[in-house]
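Colleague: Just dropping this structure here.
Read the figures in this text as sums done on the coordinates, not as results from a lab. Everything quoted here is computed from the prediction, not taken from an experiment. In this analysis, Cβ positions are derived from the backbone assuming ideal geometry, glycine residues included, and neighbour counts consider all displayed protein chains.
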């Protein structure tokens, strides 16, 4: 009976348009952030940080950027990993040319380079849509893969074709321990989630959603599809570029172009679809599902004492993972975020049946 709107009176437009109109939601988010910043660093192990939490947070950030484009603006993209690569390699080139550059600025610079690239490849969205646009973004992924593999300038002519990030030094803070990497990734995820939430609540977000629902009707009521689509591509690519810099510098340390191949783009798209299109929370839920489930499936045979080879376990992992995705999309096509919303609605009406 504690999750109720009774007694919550909104007497102004500002209060009515608040991010958390129900006080319990705001209290829950504050408690969740407090646990993430205080309790988790005290109790989690290095394995939990490096194998689960850090990749989950960075991939959540990338899925958030993709969700702005696919979920809110309705523009299908299969090149998110390519824009992550642009952010990673652009940040790497900046810190090799200017070693004294603050890494946060380098990652933001990588995001700007990715935004410029997204703007360029978003131009076809003004003429084509649907599967044709998906093919165009897939071509962007292939082009970026080719560029980073064949042009050795991006890796400073490394014989191995890989790039190695410098030590992470942010205003004297040396980020080398797993817990510090976790806190850094968490801060970026929280900041960009707040920015994205306010974007989709404002005029730009409403323009994206109107374009997604029916671009002709949006144009009739005064929304320019040109600006809405290109801004969605640019902002989405910017966030993906920042996530790519974090993925390369914070999580991988040493990487090659295969770290940002087409499989990564598909994984990000699955995160958005499973988590929930057009939902900030869905980006995090989808990333958690895609990140944690394979690790869980990989540990189940050993926990049950079933002797299976590594190859068999890997094949079973892919089969079960694919079957679960199909099953989940049939049961709830609107994603995990919709299940969360249904749970909140039932909790608000409990114990009444209607």
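Colleague: Can you give the log10 of the normalised intensity I(q)/I(0) at q = 0.17, 0.19 Å⁻¹, computed with Debye over equal Cα scatterers of region 204-341?
Modeller: At q = 0.17, 0.19 Å⁻¹ the computed log10 ratios are -1.11, -1.24.
Colleague: Shape of region 78-135 from its Cα gyration tensor (a ≥ b ≥ c, root eigenvalues): rounded if a/c is under 1.5, otherwise prolate when a/b > b/c, or oblate?
Modeller: Since a/c reaches 1.5 and a/b is larger than b/c, the shape of region 78-135 is classed as prolate.
Colleague: Still on this structure: Could you line up 192, 249 from fewest to most neighbouring Cβ atoms inside 10 Å?
Modeller: 192, 249
Colleague: For region 127-275, which semi-axes, largest first and in whole Å, follow from the square roots of 5 times the eigenvalues of its Cα gyration tensor?
Modeller: Semi-axis lengths for region 127-275 are 33, 22, 13 Å.
Colleague: Between residue 157 and residue 101, what FRET efficiency follows from the Cβ-Cβ distance if R0 is 30 Å, with the result rounded to 0.05? List each step's numbers first, then the result.
Modeller: Working: r = 21 Å, r/R0 = 0.69.
About 0.90, to the nearest 0.05.
Colleague: Quick check on the exposure proxy: order 237, 77, 231 from fewest to most C-beta atoms within 10 angstrom.
Modeller: Sorted ascending by nearby Cβ count, the order is 231, 77, 237.
Colleague: Using 0.36 nm per residue, how much length does the chain from residue 203 to residue 321 gain when fully extended, once their Cα-Cα distance is taken away?
Modeller: 38.6 nm
Colleague: Run the quick spin-label model on residue 116 and residue 29: label points 7 Å from Cα toward the beta carbon, then report their separation in nm to one decimal.
Modeller: Result: 3.4 nm between the two label points.
Colleague: Calculate for the chain the 222 nm mean residue ellipticity that helices alone would give, adding -39,500 (n - 2.57) per DSSP H run of length 4 or more and normalising by residue count, nearest 500 deg cm²/dmol. Could the numbers behind the result be given before it?
Modeller: Working: 15 runs with 230 residues, N = 354.
Calculated at 222 nm, the ellipticity per residue is -21500 deg cm²/dmol.
Colleague: Considering every Cα-Cα pair within region 144-201, what fraction, in whole percent, is farther apart than 13 Å?
Modeller: Across region 144-201, Cα pairs with separations above 13 Å total 73 percent.
Colleague: Among 332, 100, which comes first, second and so on when ranked by fewest other beta-carbon atoms within 10 Å?
Modeller: Ranked by crowding around the Cβ, least crowded first: 100, 332.
Colleague: Still on this structure, please answer the following. Pop a pseudo-label 7 angstrom from the Cα along the beta-carbon direction at both residue 191 and residue 256 and give the gap in nm to one decimal.
Modeller: That separation, rounded to one decimal, is 3.3 nm.
Colleague: Can you give me the P(r) profile for region 1-102? Cα pairs, bins 5 angstrom wide beginning at 0, each as a whole percent.
Modeller: Percent of pairs per bin, in order: 2, 9, 10, 11, 13, 15, 17, 11, 6, 3, 2, 0.
Colleague: For the modelled label position 7 Å from the Cα of residue 344 along Cα-to-Cβ, which residues of region 14-57 have backbone nitrogen atoms closer than 18 Å?
Modeller: Backbone N within reach: 15-34.
Colleague: Compute from the Cα atoms of region 52-349 the Rg and the Dmax, the latter being the longest Cα-Cα distance, and quote both in angstrom.
Modeller: Every Cα atom of region 52-349 included, Rg and Dmax give 19.6, 64 Å.
Colleague: Direction-averaged shadow area of the convex hull around the Cα atoms of region 224-282, nm²?
Modeller: Average of the hull's projected areas for region 224-282 equals 5.0 nm².
Colleague: Still on this structure, I have one more. Run the numbers for residue 16 and residue 334: contour at 0.36 nm per residue of separation, minus the present Cα-Cα distance, in nm. Each step should come with its number before you reach the end.
Modeller: Numbers: separation 318, 0.36 × 318 = 114.48 nm, distance 2.59 nm.
Extra length available between residue 16 and residue 334 comes to 111.9 nm.
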